[in-house]
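To start, the structure itself, in structure tokens.
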Amino acid sequence: MKTSERMEEIRLQLDEINLEILGLLSRRAELVQEIGELKKQKGTERFDPIREKEMLDNLVEANPGPFDDNTVRHLFKQIFQASLGLMEEEKKALLVSRKKQAQDTVIEINGVRIGGGQPVIIAGPCSVETREQMDTVGAGLQMQGIKLLRGGAYKPRTSPYDFQGLGKKGLELIRQTADKYGMAVISEIVSPSDIEMSLDYVDVIQIGARNMQNFELLKEAGNVRKPVLLKRGMSATIEELLFAAEYIVSRGNERVILCERGIRTYEKATRNTLDISAVPILKQESHLPVIVDITHSTGRKDIMFPIAKAALAVGADGLIVEVHPEPSVALSDAKQQMDIPEFNRFMKGLQESGYLQGVSP
Ligand code: PEP
Ligand code: MN
């Protein structure tokens, strides 16, 4: 037989052996899964180091070569770990993940469905400032059919000397405005001890970027039964955002809306860098609705319209936009808020471009 023919023959045999090994590995994995189930019923630990050592010793004892004992140990250790990993994988899947729930979570607030295929607009000023300011903005937003009113009463400001928000008085003002104009209230709560009190005023509890990993706040928000708008921390990974959402959902509050609001990078042209890819990734990984804050991510009014279209094009379930009757005198984020005529033009543009009808990415 020629060398090339013999090589071909060996290759065919190797292919066959590979398939046999794969078949055996799969059968082994199924048995491991079954034993895992039995252990679960009995309440015993899945990983059994004594049993594993016994199996390795038996294999080394039976080792016919040409592999040395260490290699045999190493190879089988990998197989054992992969089987254990299979069980861990099932256990590890987060409640917020698509692995646990395939269909989208739809959150209904004030007759508006978030995550139901039709994008929503959440609008309002950065901070609640005065009754007049809220009334003017409420009236302007109502003209555009806005049903979800945002406005901060507790403002987590970088400088302690900047306006800190009106606190409870701010919550009262935004509630009154929302009631007058038939809207729901979304407002940030910064302290775990204020969650309970806020239930009388807000329809959605906002947890801001700076508090995304305030675990006590997350736990408290998980203990109540109000939807939570959870913003991504400016230095948080997508995975960390999902874990933060898990804190809330694992306590029984299943209505969480995720929000991409830009992350901190070296780029100075925008206030933050909008991580547009986070939107389809979050939509793939999680069943929770995902919205984009186009105001805080860009900090620039001149690019808000194309950014809004981009967010909706990649599958965002909605947008947050800051609108103030007189942005130049706003007590916070004066540069980035739209005034009412600007917001009207923005909405007209979105309607005309068809993006508000819901597009599939
Ligand atoms: C806000 O939405 O009011 C806010 C402070 O945003 P962020 O937490 O994303 O900075
Ligand atoms: Mn703001």
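The values are calculated or read from the model by the stated rules, or taken from the named source; none is laboratory data. Bear in mind that the values here come from a model prediction, so they are computed numbers and not experimental data. For neighbour counting, all protein chains shown are included, and Cβ atoms are generated from backbone atoms with ideal geometry for every residue, glycine included.
Any idea which of Val137, Val112, Val72 is closer than 30 Å to Gln33 by Cα, aliphatic (A, V, I, L, M) and at pLDDT 95 or above?
Val72
Thr130 passes all but one of (1) within 16 Å of ligand 1 (Cβ to nearest atom); (2) surrounded by fewer than 15 Cβ atoms within 10 Å (Cβ to Cβ); which number fails?
Thr130 satisfies all of (1) within 16 Å of ligand 1 (Cβ to nearest atom); (2) surrounded by fewer than 15 Cβ atoms within 10 Å (Cβ to Cβ) except (1).
Of the residues Leu350, Leu356, which single one is at pLDDT below 95 and either in contact with a helix residue (DSSP H, G or I) (Cβ under 6 Å, 6 or more places away or on another chain) or part of a helix (DSSP H, G or I) (or both)?
So the residue among Leu350, Leu356 that is at pLDDT below 95 and either in contact with a helix residue (DSSP H, G or I) (Cβ under 6 Å, 6 or more places away or on another chain) or part of a helix (DSSP H, G or I) (or both) is Leu356.
Can you tell me how many residues within segment 132-158 are assigned to a loop (DSSP other than H, G, I, E, B) and either within 14 Å of ligand 2 (Cβ to nearest atom) or of a type in the set (Phe, Trp, Tyr) (or both)?
Looking only at that region, the number is 7.
Of all the residues that make up segment 111-127, how many are part of a loop (DSSP other than H, G, I, E, B), surrounded by 15 or more Cβ atoms within 10 Å (Cβ to Cβ) and away from ligand 1 (no atom under 16 Å from the Cβ)?
Residues flagged as part of a loop (DSSP other than H, G, I, E, B), surrounded by 15 or more Cβ atoms within 10 Å (Cβ to Cβ) and away from ligand 1 (no atom under 16 Å from the Cβ) within segment 111-127 amount to 3.
Conditions (1) over 24 Å from Gly138 (Cα atoms); (2) away from ligand 2 (no atom under 16 Å from the Cβ); (3) of a type in the set (D, E, K, R); (4) not assigned by the TED database to the domain that holds Ala153, marked per residue:
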| site | (1), (2), (3), (4) |
| --- | --- |
| Val279 | yes, yes, no, no |
| Glu285 | yes, yes, yes, no |
| Asp293 | no, no, yes, no |
| Ser297 | no, no, no, no |
| Pro306 | yes, yes, no, no |
| Ala311 | yes, yes, no, no |
| Gly318 | no, yes, no, no |
| Pro327 | no, no, no, no |
| Phe343 | no, no, no, no |
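Confirm whether Lys100 is more than 16 Å from ligand 1 (Cβ to nearest atom), over 16 Å from Pro227 (Cβ atoms) and surrounded by 14 or more Cβ atoms within 10 Å (Cβ to Cβ).
In short, no.
Got a sec? Which of Glu352, Glu260 is acidic (Asp, Glu) and within 16 Å of ligand 2 (Cβ to nearest atom)?
One residue alone meets the criteria, Glu260.
On the given criteria, is Lys335 more than 26 Å from the chain's Cα centre (by Cα), modelled with pLDDT under 95 and either of a type outside the set (Phe, Trp, Tyr) or in the same structural domain as Arg150 (by the TED database) (or both)?
yes
Taking the stated definitions as given, is Met55 among the aliphatic types (A, V, I, L, M), at pLDDT 90 or above, more than 30 Å from Met87 (Cβ to Cβ) and assigned to a helix (DSSP H, G or I)?
No: the conditions fail for Met55.
Answer yes or no as to whether Ala308 is more than 20 Å from Gln133 (Cα to Cα) and small (Gly, Ala, Ser).
Answer is yes for this residue.
In segment 23-52, which residue that is over 34 Å from the mean Cα position of the chain (by Cα) and acidic (Asp, Glu) is farthest from Phe80 (Cα to Cα)?
The qualifying residue farthest from Phe80 (Cα to Cα) is Asp48.
Any residue at all in segment 267-279 that is more than 30 Å from Met183 (Cβ to Cβ) and touching a strand residue (DSSP E or B) at 6+ places or on another chain (Cβ under 7 Å)?
Taking every residue of segment 267-279 in turn, at least one turns out to be more than 30 Å from Met183 (Cβ to Cβ) and touching a strand residue (DSSP E or B) at 6+ places or on another chain (Cβ under 7 Å).
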